[in-house]
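Take a look at the structure below.
The values are calculated or read from the model by the stated rules, or taken from the named source; none is laboratory data. As the structure is a prediction and not an experimental result, all values here were calculated from the model. Ideal geometry is used to build each Cβ from the backbone, glycine not excepted, and the neighbour counts take in all protein chains shown. With ligands, DNA and RNA removed, areas are computed over all heavy atoms of the protein, side chains included. Shrake-Rupley method; radii C 1.70, N 1.55, O 1.52, S 1.80 Å.
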Amino acid sequence: MNAANDIRVLSWHPSLQPHFEQLNKHWIRKYFRLEQVDIDVLEHPQEHIIDHGGDIIFVALGGQVVGTVAYKMLDDETVEMTKMGVDEAYQGRKLGWLLGNAIQQRAAEAGFTKMVLYSNRVLAPAINMYHKLGFVEVELEKGGYERCDIK
């Protein structure tokens, strides 16, 4: 098999934390500004996501990690999809779609029945993908991330 076409979904391992941090800090800085909650979660995902019943996955193309997404537990039945990022050099290859489907499946297999996410309308391609993944817009409550204008 051609290594360039070898797409794999990887489960969380602490050694992958730098990829989680780098991929997400890049897109957040490009479009918004890092909030303290971003820094805390991205620099310490074991503590803020994994240890609280969440999950983080990655997509690797060949031997390179090029994308990531997580879910964090909100309650016994609900998780939030969060921190999805795909390296710009690999966008347009439906890797975000692969990550979105995979994280939804993992949440369902873990027994969660509801998934929410927060985003911003400036990320139009992502919003379009979220709709295709089955998300519907609901009223956005106050609080949360400063950058979010859609739930």
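Here are the numbers for the structure shown:
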{"item": "Matching residues in segment 33-65 - criterion: being assigned to a loop (DSSP other than H, G, I, E, B) and either touching a His at 6+ places or on another chain (Cβ under 7 Å) or on the phi > 0 side of the Ramachandran plot (or both)", "result": "G53, G62"}
{"item": "Criterion: in contact with a Ser or Thr (Cβ under 8 Å, 6 or more places away or on another chain) and open to solvent by 20 Å² or more (accessible area, probe 1.4 Å) - qualifying residue of H19, H26, H13, H44", "result": "H19"}
{"item": "Leading residue by the ranking (farthest from Y130 (Cα to Cα)) among those in segment 80-94 that are of a type in the set (A, V, I, L, M, F, W, C) and buried (at least 20 other Cβ atoms within 10 Å of the Cβ)", "result": "V86"}
{"item": "Qualifying residue in segment 139-151 (condition: open to solvent by 70 Å² or more (accessible area, probe 1.4 Å) and outside any loop (DSSP other than H, G, I, E, B))", "result": "no"}
{"item": "Matching residues, segment 105-138, being closer than 23 Å to Y31 by Cβ and part of a helix (DSSP H, G or I)", "result": "A124, P125, A126, I127, N128, M129, Y130, H131, K132"}
{"item": "Top-ranked residue of segment 67-79 - restricted to ones that are surrounded by 20 or more Cβ atoms within 10 Å (Cβ to Cβ) and out of contact with any Ser or Thr (no Cβ under 9 Å at 6 or more places or on another chain), ranked as farthest from I28 (Cα to Cα)", "result": "V79"}
{"item": "Qualifying position, being more than 25 Å from E139 (Cα to Cα) and either surrounded by fewer than 17 Cβ atoms within 10 Å (Cβ to Cβ) or not charged (D, E, K, R) (or both), among A107, A60, A126", "result": "A60"}
{"item": "Close pairs (7 angstrom Cβ cut-off, 6 or more residues apart or separate chains): closer than 14 Å to T82 by Cβ in segment 130-151, in a loop (DSSP other than H, G, I, E, B) and of a type in the set (S, T, Y) anywhere", "result": "G144/Y118; Y145/Y118; C148/Y118; K151/Y118"}
{"item": "Residue list for segment 66-92, filter: in contact with a strand residue (DSSP E or B) (Cβ under 8 Å, 6 or more places away or on another chain) and either part of a helix (DSSP H, G or I) or without any contact (Cβ under 8 Å) to a residue 12 or more places away in the chain (or both)", "result": "A89, Y90"}
